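Student: Let me give you the structure first, and then I'll get to my questions.
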Amino acid sequence: DIQMTQSPSSLSASVGDRVTITCRASQSIRSYLNWYQQKPGKAPKVLIYAASTLQSGVPSRFSGSGSGTDFTLTISSLQPEDFATYFCQQGYSTPSFGQGTRLEIK
Amino acid sequence: QLQLQESGSGLVKPSQTLSLTCAVSGGSINSGGYSWTWIRQPPGKGLEWIGYIYQSGSTSYNPSLKSRVTISVDRSRNQFSLKLDSVTAADTAVYYCARVLDFGGHYFDSWGQGTLVTVSS
């Protein structure tokens, strides 16, 4: 099984900040890495797939990068609606998720 | 727009079978060559993939659950289902159904709202 490790587990930031979340795979997953946003009581929503491709309808302040084992999700200028939990997911083999990064308002 | 809706028992006794259905609307479960999946999330915790049912009808399951899981499809009703046998309290979770998109790898683009299943006597 491929283990996915996110850092940090939680993060406090302010509106307008630039934020980066990291996801590391236990082995190479090429570019088969996806990012989701989840708000309390709601289903996850895909933001980025294939490491860097923005899902249709997702604001351009979200971006992703990386390949192999190390990946990042960047939010260029935080908006109030971005405070949520973010998960990475590898789609290279049997799917697995990171443990999540909770983004809170400072 | 595609919509998915989970339904089933919200309370299951230990050792019994959890049964859930995902109704798909706004599109046919038979079109587009899509696969479908179940994912769960224990309260306050992360996401765990349960399994896929492919367009062909074949299935793939999380090895940690494989001995207890069955996913099936009813194309005439435009829905697919999950059965999990011999449940314990560790199976208490919000269960989501979702559509699988294949770009070489897999991701999940449309999700149901989720349904909480509690395992308790």
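Nothing in this text is a laboratory measurement; each read-out follows from the coordinates by a stated rule. Here the structure is a predicted model, which is why all the values come from computation and not from measurement. FYI the Cβ positions are ideal-geometry reconstructions off the backbone, even for glycines, and counts take in every protein chain you see.
Student: Evaluate peptide B:48-55: per residue, the Cβ atoms of other protein chains within 10 Å of its Cβ; return the mean as an integer.
Tutor: So the per-residue partner count for this stretch is 2.
Student: Could you tell me the calculated FRET efficiency between B:Leu11 and A:Lys39, based on Cβ-Cβ distance and R0 = 25 angstrom, to the nearest 0.05? Write out the running numbers ahead of the final one.
Tutor: Working: r = 26 Å, r/R0 = 1.03.
In this case the efficiency is close to 0.45.
Student: Using Cα centres only, tell me the gap between the range A:51-106 and the range B:1-65 in whole Å.
Tutor: Their Cα centres are 23 Å away from one another.
Student: Where both residues lie in chain B, what percent of DSSP beta bridges are antiparallel, nearest 5?
Tutor: Details: 41 of 43 bridges.
Antiparallel bridges: around 95 percent, rounded to the nearest 5.
Student: Provide the packing ranking of A:30-42, A:12-24, i.e. peptides ordered by the mean count of other C-beta atoms within 10 Å per residue, highest first. Don't skip to the end; give the middle numbers.
Tutor: Values: A:30-42: 19.8, A:12-24: 15.5.
Order by mean packing, descending: A:30-42, A:12-24.
Student: Looking only at other chains, what is the average number of their beta-carbon atoms within 10 angstrom of each beta-carbon in A:93-104? Walk me through the numbers on the way to the answer.
Tutor: On the way: counts 2, 9, 15, 5, 6, 2, 3, 4, 0, 0, 0, 0.
Per-residue shielding by partner chains comes out at 4.
Student: Inside 10 Å of the C-beta atoms of B:75-85, what's the mean count of C-beta atoms belonging to other chains? Intermediate values should be presented prior to the final figure.
Tutor: Details: counts 0, 0, 0, 0, 0, 0, 0, 0, 0, 0, 0.
Per residue, the number of nearby Cβ atoms from other chains is 0 on average.
Student: In straight Cα distance, which lysines are under 20 Å from B:Lys83, not counting same-chain residues fewer than 8 positions off?
Tutor: Correct list for B:Lys83: B:Lys13, B:Lys66.
Student: Given a Förster distance of 30 angstrom, what is the FRET efficiency for A:Gln3 paired with B:Lys83, based on the Cβ-Cβ distance and rounded to 0.05? Kindly include the intermediate steps, with their values, before the conclusion.
Tutor: Values: r = 28 Å, r/R0 = 0.93.
Computed FRET efficiency for A:Gln3 and B:Lys83: 0.60.
Student: Take the alpha-carbon positions of chain A, form their convex hull, and give its projected area averaged over all directions (one quarter of the hull surface) in nm². Don't skip to the end; give the middle numbers.
Tutor: Values: hull surface 23.8 nm².
The Cα convex hull of chain A, projected and averaged over all directions, gives 6.0 nm².
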